[in-house]
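In what follows, a single structure is set out as C-alpha cells and then discussed.
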Amino acid sequence: MGSAEVSGAGAGEGEVAVDVQNVTFVYPDGTVALRGVNLRIERGEFLAFIGQNGSGKTTLSKVIAGLLKPTEGRALVFGMDTREAKTSYLATKVGYIFQNPDHQLFNDTVYNEVAYGPRNLKLPPEEVEERVREAMRIAGLSDEYREEHPFFLSKGLRQRVAIASILAMRPSVIIVDEPTTGQDFKQSIEIMDFLTDLNRQGYTIIIITHDMPIVARYARRTVVMADGEILMDAPTRKVFEEAEVLERAFIKPPQITLLADALADLGAPRGALTPWELVEWVRGIAGESGSGRVKEINKGG
Amino acid sequence: MPKMRRSLLGYLPEESPIFSLHPVTKVLFLLVVSAYPMLTQLPEANLAGSLFMLALFKAAKVDLSVIKGYKMAFVNLFFVIAIAYTFFGGYRPEYTVLLRLGPIRVCWENLRWAILVYLQLVLAILVIIFFLSTMRERDVVVGLRTLRLPFVVCYLAGLSLRSIGLSIIDFFTIREAEKARALDLAELPFSEKVKKFGLYIVPLVGLAIRRAEEVSNALDSRAFRFSGLFKGGKRTDYIPKKYKIRGADVALIAIMFAFLAAIVFVNYQYGWLRAENSLLYRVRFG
Amino acid sequence: MPVIRMENFGWRYEGQERWALRGVNLSVEQGEFVAIVGPNDSGKSTLVMAMNGLIPNNYYGVIEGSVVVKGMDTREHPVADIARHVGFVFSDPESQFLSMTVEEEVVFGLENIGLDVDEIRERVEWSLGLAHIPMDYLEKPPYELSGGQKQRVAIASILAMRPEIIILDEPTSMLDPVGKTEVIEVLREMRRSYNATIIVVEHRMEDIAPLADRFILVHDGRVLRDAPPREFFDDIDFLLEHGVFPPEPMVFVSELRKMGLYDGPIPLTLEEAISASREALSGLRGR
C-alpha cells in the first residue's frame, strides 16, 4: 500500500527552489490564466496542484518550468529569472513530464530518446552514456529496451521512457502532469511510489492532478487553484479539512475524509487521508477495553 | 478592436454580415475571385483588386490585424519572387541593368515581371485570407456538400479539418516538450531550425496513427459508411438543409461569374488587362 | 430473452500469444445497468468492443465461441448495422469528436441511418436535453467545450440514435472532477428516464456502485465475478487482490467487520458507510 507520511525531507529549512512572485499570465487570445500568483517552493518538497481544468494549475507549472514566461511579475528558479535564463539552464533545473508520453518521444530508439536532452546540452559522449544508463536504471527500464523504437512500446513503458528522458537532464525539480490519469489502481500506486522514491533521493516533486485519493496519500503540501488564483496553500491534511474552500474550487475531498468528518463527534481524526488511518484510530479505541473513553489519535498534522 | 473568435482557420469576427450568406457563396467566392488575378496581368488592376479586398475586410468586420499577422509572409514573398526572376528571368542585350553583383545582373525587365507576379499573388492571397477569416469550419463542409461533391470527399474534408485542429494543439505541446529537453527552436540559427523541424513530424504522425484507430471505431459505432448509403436508403443531408440560398446569394454569385466573364472577354477581345498597358512599361532608365 | 449473449467467447489479438479474453459466458437482459471493473489490460475493453461487433469486425485476431446481440451474430453483421442497436461512447472525448460543431456531431449518426429532417431535429433536442447541453451550444466548435461537455455531446450523439443498448468505456477517465460529476449525473438521468441497457466500464466505483444492478470483475482475460453490487463488494480482500480498489469507505467498513465490530451488509454509498460505522462504533463505546 502507498506510504502516506514521508517524514520531513527538507521542507521548512531548505534552499528555495522556486519563487513565483506576483505572476500574471495572459494567453495570446486574451485569456487571463494567472492573476498575481505568489508561491515559494523549497528543495525536497512534495506538492500537488489541484483545481478544475482552466483553474490555472497547468499554466502555473509551465511558468515554473520556464515553458511560459510571465506576462507580469517574475518567476525565479534557483534564483534565476526564467525570462533571462536560457532554455538549457531551465531544462536542467526543472523537468516537466507531459501527460501523454507521445508528445515527448521524438527519436527512433529508447537510447537516443533518453540521450536527446543531454546531447542538446552538448555534453561529451561518455557523460551522455553515463546519464542515459543512470536515468534508465532509475526509471526501471532494463537494458534490453535500449535499441527498441519507443513508438512500439506499451503505454506504461513509453511513460517510463518519457520519465527517463527527463531524469537524464538531472533536474532538481520534477513536475508531473496527471501521473495517474488512465492508470488503474495498481499502476497508480506504482507510479506514485516511484515518485516518492525520487523525492526521498532529494528531488522536489510537483504533481498536477484531479485524483484526490492520490493527493491525500502522497502529497505533503497542496496548492488549491481556481480562476487563476491560489485559494489555499497548506499541508494536505489541512487542505482537505476545508470543505468550503474546496467547494469554491469545485473539488470534493476524498470520501474517506468526508467519512472521518462525519464521525468527528465520536473522535475520528479530522482530515483523515486513508482508510488505514481510521482503522488505526478504531484499534486505539478498541485497545482501551472497557473504559469506553474515546482516545484521540493525532497522527502527523 | 472588434472582438474576435478563434477558429481553426484563423480568427473570426463575432458578428459579420458575411455570416448571413450561404456557405456555397463563400466557397464560390474563393474559387471564382481567386481566379481573377490569374487572368489579369495588369498590375494596376490587381492593385485595385487588393484595395477592394481591404474594403471588403472592413465591410465584413474582419479585424485588419489579421492581415498584419501575414506581414512577414508578404515581405518574404516579394523577395523570393524578385530573386527568382533575377536568377532565372534570363538576360537579353536590350535589358536595362540596374545593378551588377559580380556575375549577377539585376535587370529592370526582370524586376518588372516580379512586381507583376507579386501583385497577382497578393490579391489571390488576400482572397484566401478573407475566406479563412469569414468561414466557419462547418461552412466548408456545407459548401462542398451543397456543390454536390461526392459524400466521401465532403466528409474527408471535414474530418481533415478536425484532425488539423488536433494536430495544431499537439504541435504546441510537442514544442513545449522539446523546450523541456533543452531545445528551443527560437534560439537556433535558421539552418538548424529547418533540420530540427523534422523532429516534430515523428510525434505528430505517431499521435495521428494512434488516434486513427479510435476515430475509425467512433465512425463505425455511429453507423458510418463511406458510400454515404445504408441498407435500404441514402444518408440524410440534414446540416445543408438548414441553410437557405437567398436572393443575396444568387445576386452575389451572379455578379462573381459575370465579372469573371467580363475579365475574360475584355482581356481576349481588347487586351486591356495585358501587362504592356501598365504604367510600369513607360518607366525608362537613362 | 437476453439482449446480449456471449457463449464461451474468447479473443486473441493477432501477433499476441496471450488470449485477451477466454471462456466468457455472459448474458445481459434488457434494461439492466451493468458495471465492468478490473485492472488495465485485463480484457475489459475487449469485452465491451465484442458487444458491439468492433471485435471481430475491426480488428485482426482469433475468435472462439460467439456473441449474439439483439439476435445478430457479430461475426455475420457489420458494425454499422449493430450500431443501430448498440451505442458506444469511448473514453477520449477528444478523438471521438468527429465534427467541427456540436450540431454536426449529434446529427452525424442520424444522417447515417437516413432519418428524415423533422425526426432528426426532434431527436437532437431530446438528446441534448438528456445530456444537459443547452441548445445554443449547437454551433460551438469542439475547442470551445470543456472535456466534460465534449463527453456529454458524445453521449448525446449516441442517445440520439436511440439504441437499446449503450456501452460506455471509461467515460470519465480523462475528465476533471466537474466533468466526471456531469457525466455521472447524465448516467443517473439515463437510468431514470431512458429504458436502455447500460454497460459502463469504470475505475472509480464510488459513483457507479449506487447506480448499477450488477458488477462484473474481469481479470487476466476471465470473468472472475458477476454479482449484484452488495454481493460483489462483500469480499473486499478478494477485489484488492485482483487489482480493484473499492471505494475507501467500503474498505474501512470491511475492516470494521474483520475486527468483529460490524456484521451488516457492505455499504454502497457514503451515507450508508456513515451509519454503518456509527452502528459499529456505538457498540464499541457501550462496551
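The values are calculated or read from the model by the stated rules, or taken from the named source; none is laboratory data. Just so it is clear, the model here is predicted, and its values are computed rather than measured. All Cβ positions, glycine included, derive from the backbone under ideal geometry; neighbour counts span all protein chains shown.
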Practice problem: Find the residue count for the stretch C:229-281, including only residues that are assigned to a helix (DSSP H, G or I), among the hydroxyl-bearing types (Ser, Thr, Tyr), more than 7 Å from every other protein chain (Cβ to nearest Cβ) and in contact with a helix residue (DSSP H, G or I) (Cβ under 9 Å, 6 or more places away or on another chain). | Solution: 1
Quiz prompt | Selected residue [within 14 Å of chain C (Cβ to nearest Cβ), surrounded by 18 or more Cβ atoms within 10 Å (Cβ to Cβ) and of a type in the set (Val, Ile, Thr)] from B:ILE253, B:ILE239 | solution = B:ILE239
Exercise. Could you identify the single residue in C:GLU122, C:GLU189 that is surrounded by fewer than 23 Cβ atoms within 10 Å (Cβ to Cβ), under 29 Å from C:ARG5 (Cα atoms) and charged (D, E, K, R)?
Key: C:GLU189
Practice problem: Determine whether B:THR96 is in contact with a Pro (Cβ under 7 Å, 6 or more places away or on another chain) and of a type in the set (Val, Ile, Thr). | Solution: no
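Could you grab me the full set of residues in the stretch A:231-278 that are of a type in the set (Phe, Trp, Tyr), under 21 Å from the mean Cα position of the chain (by Cα) and closer than 14 Å to A:PRO213 by Cα? Reasoning before the result, please.
Of the residues in the stretch A:231-278, the ones of a type in the set (Phe, Trp, Tyr) are A:240, A:250, A:276.
Keeping just the survivors that are under 21 Å from the mean Cα position of the chain (by Cα) gives A:240, A:250.
Across the stretch A:231-278, the qualifying residue is only A:PHE240.
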Quiz item: Quick one: in the stretch A:73-99, which of the residues that are part of a loop (DSSP other than H, G, I, E, B) and in contact (Cβ under 8 Å) with a residue 12 or more places away in the chain is farthest from the other protein chains (Cβ to nearest Cβ)?
Solution: A:GLY79
Quiz item: Which of the residues that make up the stretch B:121-158 are buried (at least 22 other Cβ atoms within 10 Å of the Cβ), within 22 Å of B:LYS68 (Cβ to Cβ) and either out of contact with any Gly (no Cβ under 6 Å at 6 or more places or on another chain) or charged (D, E, K, R) (or both)?
Solution: B:LEU126, B:VAL127, B:PHE130, B:THR134, B:MET135
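Listed here are the residues, each with its yes/no results for (1) under 17 Å from A:LEU47 (Cα atoms); (2) away from every other protein chain (no Cβ under 13 Å); (3) of a type in the set (D, E, K, R).
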| position | (1), (2), (3) |
| --- | --- |
| A:ILE230 | yes, yes, no |
| A:THR236 | yes, yes, no |
| A:VAL245 | no, yes, no |
| A:LYS252 | no, no, yes |
| A:TRP276 | no, no, no |
Quiz prompt | Top-ranked residue of the stretch A:100-140 - restricted to ones that are more than 9 Å from every other protein chain (Cβ to nearest Cβ) and part of a loop (DSSP other than H, G, I, E, B), ranked as surrounded by the most Cβ atoms within 10 Å (Cβ to Cβ) | solution = A:ALA139
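What residue, of A:LEU76, A:LEU157, A:LEU153, is more than 21 Å from B:ARG175 (Cα to Cα) and touching a Ser or Thr at 6+ places or on another chain (Cβ under 8 Å)?
That would be A:LEU76, the only listed residue that is more than 21 Å from B:ARG175 (Cα to Cα) and touching a Ser or Thr at 6+ places or on another chain (Cβ under 8 Å).
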Practice problem: Exactly one condition in (1) surrounded by 18 or more Cβ atoms within 10 Å (Cβ to Cβ); (2) within 24 Å of B:GLY271 (Cα to Cα) is not met by B:LEU51; state its number. | Solution: (1)
Practice problem: Please tell me if C:LEU168 is among the aliphatic types (A, V, I, L, M) and within 12 Å of chain B (Cβ to nearest Cβ). | Solution: yes
Quiz item: Is one or more of the residues making up the stretch B:95-115 in a loop (DSSP other than H, G, I, E, B) and under 30 Å from B:PRO240 (Cα atoms)?
Solution: no
Self-check item: Scan of the stretch A:250-269 for residues that are in contact (Cβ under 8 Å) with a residue 40 or more places away in the chain, crowded, with 20+ Cβ neighbours inside 10 Å and part of a loop (DSSP other than H, G, I, E, B), ordered by number
Solution: A:ILE251, A:PRO253, A:PRO254
Exercise. Hey, can you tell me all the residues within the stretch A:159-188 that are modelled with pLDDT of 85 or more, part of a helix (DSSP H, G or I) and more than 16 Å from B:ALA180 (Cβ to Cβ)?
Key: A:ARG160, A:SER188
Practice problem: For the stretch B:187-194, state whether one or more residues are among the small types (Gly, Ala, Ser) and either buried (at least 16 other Cβ atoms within 10 Å of the Cβ) or at pLDDT 85 or above (or both). | Solution: no
Quiz item: more than 13 Å from chain B (Cβ to nearest Cβ) and closer than 29 Å to B:LEU166 by Cα: does that describe C:LYS70?
Solution: no
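Tell me, please, whether a residue that is within 13 Å of chain C (Cβ to nearest Cβ) and not in a helix (DSSP H, G or I) can be found in the stretch B:209-222. Step through it out loud before you land on a result.
Here is the first cut: in the stretch B:209-222, the residues within 13 Å of chain C (Cβ to nearest Cβ) are B:209-222.
This time we only want the ones that are not in a helix (DSSP H, G or I), so: B:221-222.
Scanning the stretch B:209-222 turns up at least one residue that is within 13 Å of chain C (Cβ to nearest Cβ) and not in a helix (DSSP H, G or I).
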Quiz prompt | Qualifying residues in the stretch A:149-185 (those that are within 14 Å of chain C (Cβ to nearest Cβ) and among the β-branched types (Val, Ile, Thr)) - the one surrounded by the fewest Cβ atoms within 10 Å (Cβ to Cβ) | solution = A:THR181
Quiz item: Can you find a residue in the stretch C:21-38 that is free of Cβ contacts under 8 Å to residues at least 24 places away in the same chain and either assigned to a loop (DSSP other than H, G, I, E, B) or not assigned by TED's automatic domain parsing to the domain that holds C:GLU170 (or both)?
Solution: no
Quiz prompt | Hits in the stretch B:179-208 (condition: part of a loop (DSSP other than H, G, I, E, B), in contact with a helix residue (DSSP H, G or I) (Cβ under 8 Å, 6 or more places away or on another chain) and not charged (D, E, K, R)) | solution = B:ALA180, B:ALA182, B:LEU183, B:LEU188
Quiz item: All but one of (1) among the β-branched types (Val, Ile, Thr); (2) within 14 Å of chain A (Cβ to nearest Cβ); (3) surrounded by fewer than 22 Cβ atoms within 10 Å (Cβ to Cβ) hold for C:VAL223; which doesn't?
Solution: (2)
Quiz item: From the residues in the stretch A:48-64 that are more than 10 Å from chain C (Cβ to nearest Cβ) and farther than 12 Å from A:VAL37 by Cα, which one is surrounded by the most Cβ atoms within 10 Å (Cβ to Cβ)?
Solution: A:PHE49
